[in-house]
2 protein chains.
Amino acid sequence: MTREAGGRRAIGLDIGGTKVAGAIVADDGTVTAECRRDTPETSDSATMTSLLLEMVDDLRGRDDGVEAIGVGAAGTVEWPAGRIRWAPNNSYRDWNVRAELEKATGLPAVIDNDANVAGLAEARLGEERYDQMILVTVGTGIGTGIVLDGRIYRGPNGLGAEAGHMNVNPDGPQCGCGNYGCLEALASGTALTRMGRSAAAGDPDGMIASLARESGAEVTGQIVTMAAMAGDSTAASLFARLGRALGIGIASLNAIFELEAMVIGGGLVDAGDLLLEPTRRAAREFAYAPTARPIPPILPATYGGDAGKIGAALLALEDAGTL
Amino acid sequence: MTREAGGRRAIGLDIGGTKVAGAIVADDGTVTAECRRDTPETSDSATMTSLLLEMVDDLRGRDDGVEAIGVGAAGTVEWPAGRIRWAPNNSYRDWNVRAELEKATGLPAVIDNDANVAGLAEARLGEERYDQMILVTVGTGIGTGIVLDGRIYRGPNGLGAEAGHMNVNPDGPQCGCGNYGCLEALASGTALTRMGRSAAAGDPDGMIASLARESGAEVTGQIVTMAAMAGDSTAASLFARLGRALGIGIASLNAIFELEAMVIGGGLVDAGDLLLEPTRRAAREFAYAPTARPIPPILPATYGGDAGKIGAALLALEDAGTL
């Protein structure tokens with residue numbers, strides 16, 4: 001990718017459960033500067049506002065031509081007000097992010113759900129351009145960025161596009177949101193950790209338990225991924241279960257939307273075909289009317305963990321100051 | 001409702017599994033003429049085209065001022081081409097409805113999925129006007145009409161909006177579409193028939209079995225509904241199971257879309273609170289983030305079985321001749 005000198009630029013910030021990623025991004029998606037902080041243990045609104053303002057100052061110190069700020073954040077974000085009502089894995093509540101950033105920086109700002117902005121980046125700047133696509137981010141939780149007719153679908157107040165909390169089995173395990181059997185409860189990194197701990201308890205001599213002991217820590221999704229990539233059949237079977245749930249959810253989303261592609265992002269997609277192969281198999285098995293309706297390709301994300309900050313900046317360049 | 005003499009009028013036709021309903025409808029939703037035929041046992045494309053043309057001739061004979069024809073049909077309908085690719089409960093396949101009607105009648109025509117056009121009628125002309133609403137028709141199958149920003153959502157080629165085939169339990173019973181555990185497999189009239197037959201087999205002296213014997217026929221969803229309305233606790237428990245599945249599906253749809261209302265139509269809504277009460281309870285139980293996101297009201301349809309032909313005519317008045 002190349003960028004003309006003087007191309008429009010915005011700051012993109014992506015607030016996750018463990019880190020906040022920031023960048024200056026040009027309108028063609030080029031990242032020209034970056035910074036990164038750990039998400040504080042106490043992720044309340046005041047602490048988080050200070051952290052974001054520090055990052056904005058840092059980035060503006062390296063480029064005085066940024067026009068706007070875009071933020072992607074986990075949780076339910078009112079659009080276009082830019083107030084985060086609630087987040088399952090962060091402690092901020094009723095955080096008026098947009099107003100606080102605009103007041104302190106003098107720049108126009110947009111705030112949206114993290115998966116929404118990542119979906120925008122993948123749809124616009126991924127391997128292919130898609131007008132009708134869903135990005136499913138499979139990390140600690142499951143976020144979905146729904147792009148219809150080339151634009152982010154959010155619902156009338158920004159509270160929609162939470163397909164990670166569609167129910168895929170009402171008798172399934174409890175989700176971080178409190179419900180039982182959400183897609184997130186069955187197909188996220190948290191689900192992989194839960195299944196890995198259960199497998200390690202049942203087979204203390206197995207590879208999952210052994211890798212955890214060697215690392216001196218509890219079993220996590222990362223440990224299960226390492227075991228699966230090293231050829232452990234138990235770990236691979238957990239990915240098969242997880243991918244099956246994900247594929248069933250994807251089949252439902254394609255029945256509802258009719259999509260050109262489903263893109264899978266988030267940390268777990270690093271497992272590659274261990275995740276994607278069972279996902280694709282289940283999406284085919286549960287496809288509605290496959291003789292009459294195409295089954296969209298299921299593809300790994302182009303930008304991985306960078307999609308959030310890039311999409312947030314893109315959205316800022318499109319919409320900030322116009323809402 | 002009143003209509004000015006000379007208001008714009010179109011023919012609306014609604015093709016169901018058992019009957020084809022037709023009407024002349026004015027742009028304010030007033031029905032000025034009606035006709036109705038049984039769906040032939042052999043519902044292939046040629047037979048169905050002849051039937052629709054007879055009905056159009058009949059209706060035009062009563063009003064020579066109709067401008068356009070709208071058709072709602074069960075199945076996957078290409079939009080805007082108006083070709084029906086496939087339907088789970090009718091034998092027409094690759095039926096080029098729009099082209100055949102336009103050629104034979106000289107009128108512009110639109111063809112859309114039956115639940116889509118019914119959803120349009122409910123959103124525009126129901127008790128309240130909604131811009132963000134889903135109509136779920138609970139009949140032999142489950143159809144969904146998704147209205148976003150005041151317009152029918154169909155997917156790019158008209159093959160979306162099939163939320164009746166979202167999966168609500170991968171270990172659930174087989175659906176008419178061939179998959180297992182679709183919402184339709186658990187919450188439709190067909191599901192009620194299946195559950196009723198099982199209940200009658202297990203309790204031949206119970207009210208469900210007795211009512212079927214008295215009527216000289218097998219147990220159907222209608223028999224179960226009669227038993228439930230007469231106070232039979234077994235029949236009521238089947239409605240509770242069915243409503244629970246429906247409410248879980250509705251909770252998922254609200255997580256995905258953020259809706260102002262969910263409207264329930266189709267034959268089973270005649271059971272009233274027997275269906276709606278357990279549906280509402282499950283939609284609350286499985287609502288995502290209910291402290292941060294409103295739970296939309298779940299309401300019975302205003303137009304019932306008339307919504308399809310009215311919505312088809314409304315759509316014709318809006319879009320026919322412009323596609």
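Laid out as a table, the results:
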{"item": "Between helix B:307-319 and chain B: long-axis angle, C-alpha atoms, 0 to 90°, nearest 10", "result": "40 degrees"}
{"item": "Prolate/oblate/rounded label for region A:166-209 (Cα gyration tensor, a/c 1.5)", "result": "prolate"}
{"item": "Within 10 Å of each Cβ in B:289-298, the average number of Cβ atoms from other chains", "result": "4"}
{"item": "Structure-based [θ]222 nm, chain B - -39500 (n - 2.57) summed over DSSP H runs of at least 4, per residue, nearest 500", "result": "-12000 deg cm²/dmol"}
{"item": "Net charge dipole size for chain B [Lys, Arg +1 and Asp, Glu -1 on Cβ; Debye, nearest 20]", "result": "480 debye"}
{"item": "Relative contact order [Cα under 8 Å, 6+ residues apart], region A:128-301, whole percent", "result": "23 percent"}
{"item": "Peptides B:250-261, B:213-224, B:7-18 ordered by average Cβ neighbours within 10 Å, highest first", "result": "B:250-261, B:7-18, B:213-224"}
{"item": "Ascending list, in nanometres, of distances separating the B:Gly216 label from those of the other copies (7 Å, Cα toward Cβ)", "result": "8.4"}
{"item": "Whether chain B is rounded, prolate or oblate, judged on the alpha carbon gyration tensor where a/c under 1.5 counts as rounded", "result": "prolate"}
{"item": "For chain B: relative contact order, % (alpha-carbon pairs under 8 angstrom, 6 or more apart)", "result": "21 percent"}
{"item": "Pairwise centroid distance, computed over Cα atoms, of region A:247-323 with region B:122-173, Å", "result": "22 Å"}
{"item": "A:Glu41/A:Asp270 FRET efficiency (R0 25 Å; Cβ-Cβ; nearest 0.05)", "result": "0.45"}
{"item": "Global geometry of region A:99-190, whether rounded, prolate or oblate, following the gyration tensor of its Cα atoms and the 1.5 cut on a/c", "result": "oblate"}
{"item": "Proximal charge balance of B:Met133 [Cβ under 12 Å; K/R count +1, D/E count -1]", "result": "-4"}
{"item": "GNM top mover of B:Asp28, B:Asp205, B:Asp270 - chain B, alpha-carbon springs below 10 Å", "result": "B:Asp205"}
{"item": "Between helix A:45-60 and chain A: long-axis angle, C-alpha atoms, 0 to 90°, nearest 10", "result": "60 degrees"}
{"item": "Most mobile of B:Asp273, B:Asp203, B:Asp64 in a GNM of chain B (Cα contacts under 10 Å)", "result": "B:Asp64"}
{"item": "Averaged over B:257-268, number of beta-carbon atoms from partner chains that fall within 10 Å", "result": "2"}
{"item": "For A:Glu285, inter-copy label distances in nm, listed shortest first [label point 7 Å out on the Cα-Cβ vector]", "result": "2.7"}
{"item": "Stokes-Einstein translational diffusion, region A:1-159 - Kirkwood Rh over all Cα pairs, 1.002 mPa s, 20 °C, in µm²/s", "result": "135 µm²/s"}
{"item": "Shielding score for B:169-181, defined as the mean number of other chain Cβ atoms within 10 Å", "result": "4"}
{"item": "Helix A:114-125 vs. chain A, principal-axis angle (Cα, 0 to 90°, nearest 10)", "result": "80 degrees"}
{"item": "Per-q log10 I(q)/I(0), the protein assembly as shown, q = 0.08, 0.09 Å⁻¹ (Debye; single scatterer per alpha-carbon; no solvent)", "result": "-0.63, -0.78"}
{"item": "Inter-copy spacing of A:Ala81 label points, which lie 7 Å from Cα along Cα→Cβ, given in nm from shortest upward", "result": "4.5"}
{"item": "Where rotation carries B onto A, the chain B residue whose Cβ is nearest that axis, in whole Å", "result": "B:Asn169, 3"}
{"item": "Backbone N within region B:107-135 under 19 Å of label point (7 Å from B:Asp28 Cα along the Cβ vector)", "result": "B:121-130"}
{"item": "Paramagnetic label zone (point 7 Å from Cα along Cα-to-C-beta, A:Glu277; backbone N under 17 Å) in region A:212-253", "result": "A:225-247"}
{"item": "Cβ crowding within 10 Å averaged over residues, with A:185-196, B:135-146 ranked highest first", "result": "B:135-146, A:185-196"}
{"item": "Alpha-carbon spread of region A:128-301, three principal axes, descending order, Å", "result": "51, 33, 29"}
{"item": "Label-reachable residues, region A:91-117, where backbone N falls under 15 Å from a point 7 Å from A:Thr322's Cα toward its Cβ", "result": "A:108-111"}
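Where a number appears in this text, it was derived from the coordinates with a stated rule and is not lab data. Not measured: the values here are computed from a predicted model. Backbone-built Cβ (ideal geometry, glycine too); neighbour counts: all protein chains shown.
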